[in-house]
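Encoded as structure tokens, the structure appears first; notes follow it.
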């Protein structure tokens, strides 16, 4: 049988072997907090990044519509804007 | 002589202990492998959802549709890990606590669901907790994805992701704690029985979706001036049908993952309430569920391919609640009715209620989910459920429905209402008209193919050029004024 782990140093009773400490340890709590922060930050950024893209595109499209550039093409509605060209 | 017997007995005892220890480890590793492979196969559900919805979308919305499914995994995974699993482990008795008296099937389970606990990290002595968590995580992705297709082509990607977090990491797992766990108050007090999650996953996701759709509104051009429904042509029906078949394949793993293995004790398998069943029983029910559902969908829709396949899914959902006890013939009959009902309900929602559910999710998952829960009250009444052995009954099933329906619907409606007020729910009318892919990704995802005229199918089945209809719809929606604030 394979037995490469140094149990004589670590103990045969070892259960959790986490990188920054065992369950409930300070290191584990800190990692959890960092993970939660990344989770919340990413949710906020999903909203912000998309809003920037949609706002820019909407503004460009409205400008084109205001100058009566909206045309019906063979595909669907194409609103001609300088940004898209 | 006496010494020899004593030595022999000691040796035998030692060997028996060693064998028991090895047997226990074998059993645990069998359990670990079983859930691991269900997780792998359940990924196919999400591959399927992505193909299904992308195929149903018009060419201008392909990638924005697909990206919803992909990013569902990005947001539901951490939120379910950091608080969703804790809700399941610690809120079985309701909040505030229901005060019921039930034996605790898993002492200390609540403590193992905190993200810093030994149940959610590397642990040489625990082969079960992590794979069990992962199976539930895949259920959460599925629940959130059920909503996804209904909202396509006008919802903001980020709005969908926030709604997915609410549905996948809070709402469904709360109702699972109440009615889909051995200690849930609905089960231990009322004998609520929903073994493969007809109502717990599908019904609640459908109700949540209905609440969101009321605030989101229909796609531009969906209804004519008289309120009659038009249909948008899917850009790739083959992809949609292939996606559904992949979902069906993954659903076998979903079914299997709803069971608990107890390989050293008769009969070896338990349902989620720890009542006995077998893997073969549920596998027969899902197979006959598809057969009956396809048949019902085919006849009710007069041979429409989309509704035939959706009918298969609806049929399975209608028999999932009692899949641990139903006879295959009963599953065949009941799923036939579910397959037919989803077509009728879907048409009613689209044409009478004028709610634009792009893939029929409310009918297939919402209606048939609760229909399945209801059927258990008729066809599995009297069956002892859960650790308290409370008999299943129509009263218990109705109690579950009365709990889950408002929980799903109101939470979906409230959250989407808030997003709408914050101008974060729907893309602007201009972006919707042009297509979401150009706004989100600045590109056409079939660049090598010539664009052909987009067609809308009118209420009487006639094919119409889409451009003028969409522009008319746009003008009717905007009435000359912008519908959304820019830079809000």
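Per-residue answers, yes or no, for (1) at pLDDT 95 or above; (2) surrounded by fewer than 24 Cβ atoms within 10 Å (Cβ to Cβ); (3) not in a helix (DSSP H, G or I):
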| position | (1), (2), (3) |
| --- | --- |
| B:341 | yes, yes, no |
| B:350 | yes, yes, no |
| B:354 | yes, yes, yes |
| B:372 | yes, no, no |
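Please tell me if residue B:387 is surrounded by 24 or more Cβ atoms within 10 Å (Cβ to Cβ) and in a loop (DSSP other than H, G, I, E, B). Considered against the rule, which asks whether it is surrounded by 24 or more Cβ atoms within 10 Å (Cβ to Cβ) and in a loop (DSSP other than H, G, I, E, B), residue B:387 comes out as no. Taking the criterion of being more than 8 Å from every other protein chain (Cβ to nearest Cβ), modelled with pLDDT under 90 and closer than 21 Å to residue B:64 by Cα, the residues of segment B:443-482 that qualify are B:443, B:444, B:445, B:446, B:447, B:448, B:449, B:450, B:455. Could you run through segment B:260-285 and say how many residues are touching a residue at least 40 places away in the same chain (Cβ under 8 Å) and over 19 Å from residue B:383 (Cβ atoms)? So the count comes out to 3.
Just one of the numbered conditions (1) modelled with pLDDT of 95 or more; (2) exposed (fewer than 14 other Cβ atoms within 10 Å of the Cβ); (3) at the interface with chain B (Cβ under 9 Å from one of its Cβ atoms) is not true of residue A:42: (2). The residue that is nearest to the chain's Cα centre (by Cα), among those in segment B:41-74 that are within 13 Å of chain A (Cβ to nearest Cβ), closer than 25 Å to residue B:170 by Cβ and surrounded by fewer than 23 Cβ atoms within 10 Å (Cβ to Cβ), is B:73.
Residues in segment B:211-238 that are surrounded by 19 or more Cβ atoms within 10 Å (Cβ to Cβ) and under 13 Å from residue B:359 (Cβ atoms): B:213, B:219, B:232, B:234. Checked against the criterion of being within 14 Å of chain A (Cβ to nearest Cβ), assigned to a loop (DSSP other than H, G, I, E, B) and surrounded by 21 or more Cβ atoms within 10 Å (Cβ to Cβ), segment B:142-154 contains one or more residues that satisfy it.
Let's see how each residue does on (1) touching a residue at least 60 places away in the same chain (Cβ under 8 Å); (2) touching a helix residue (DSSP H, G or I) at 6+ places or on another chain (Cβ under 7 Å):
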residue: B:397; (1), (2): yes, yes
residue: B:404; (1), (2): yes, yes
residue: B:419; (1), (2): yes, yes
residue: B:428; (1), (2): no, yes
residue: B:432; (1), (2): yes, no
residue: B:435; (1), (2): yes, yes
residue: B:452; (1), (2): no, no
residue: B:455; (1), (2): yes, yes
residue: B:469; (1), (2): yes, no
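Taken over segment B:404-431, the criterion of being buried (at least 21 other Cβ atoms within 10 Å of the Cβ) and either modelled with pLDDT of 95 or more or more than 10 Å from chain A (Cβ to nearest Cβ) (or both) is satisfied by B:404, B:408, B:411, B:412, B:415, B:416, B:419, B:425, B:426, B:427. Going by what's in this entry, would residue B:267 be described as surrounded by fewer than 19 Cβ atoms within 10 Å (Cβ to Cβ) and touching a strand residue (DSSP E or B) at 6+ places or on another chain (Cβ under 6 Å)? Yes; evaluated as a whole, the condition is true for this residue.
Just one of the listed residues (A:65, A:61, A:49) is more than 21 Å from residue B:156 (Cα to Cα) and either modelled with pLDDT of 95 or more or in contact with a strand residue (DSSP E or B) (Cβ under 8 Å, 6 or more places away or on another chain) (or both), and it is A:65.
The values are calculated or read from the model by the stated rules, or taken from the named source; none is laboratory data. Computed from a predicted model, the values in this text were never measured in an experiment. In this analysis, Cβ positions are derived from the backbone assuming ideal geometry, glycine residues included, and neighbour counts consider all displayed protein chains.
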